[in-house]
Amino acid sequence: MTETNSKQAWDKFAADAQNLAGELRRNYKDADDAKKTAEIDRSLRQLGQAAEAFFSSLDTATRDPQVRASTKQAARSFGAALAETFREVGDELDKALRKTAAPK
């Protein structure tokens, strides 16, 4: 894989991750019952756990301090993106719940 191909692959991953975040927000916002909301929460938690395991295995797999530092930074960046997605989804859910609870 050339450097150009690698960059294209990472750019595609970033775009796909942004699309996924949008879909998660839309699904969460459109959740019409507590069961569906709980399922989405569980899925997001599982995604976070899988990512943590993935980055942990990368960290364990190498002894090179520079690679380990890069792995930790990538894990922090991914965690921050996931946390921001959770925050945005939570905000959308809060807005939706307030709308349905507002007096008519």
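Read-outs throughout are calculated quantities, based only on the coordinates presented, and are distinct from any laboratory measurement. The model shown is predicted, which means the values in this text are computed figures rather than measured ones. Cβ atoms come from the backbone with ideal geometry, glycine included; neighbour counts cover every protein chain shown.
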**OP:** Please work out the FRET efficiency for the pair Q18 and A96, using the Cβ-Cβ distance as r and a Förster radius of 22 Å; give the result to the nearest 0.05.
**Re:** 0.50
Original post:
Going 7 Å from the Cα of K72 in the Cα-to-Cβ direction, what parts of the stretch 36-58 have a backbone nitrogen less than 18 Å from that spot?
Top reply: 52-58
Original post:
Can you put R68, R63 in order, fewest other beta carbons within 10 Å first?
Top reply: R63, R68
Original post:
Could you state the principal axis extents of the C-alpha atoms in the stretch 33-94, from the largest down, to the nearest angstrom?
Top reply: 48, 17, 6
**OP:** Please give the contour-minus-distance gain from A83 to Q46: 0.36 nm per residue of separation, less the Cα-Cα distance, rounded to one decimal in nm.
**Re:** 12.0 nm
Original post:
Cross-link list K35/K72; K12/K35; K35/K95; K7/K72: which exceed 25 angstrom alpha carbon to alpha carbon?
Top reply: K35/K72; K12/K35
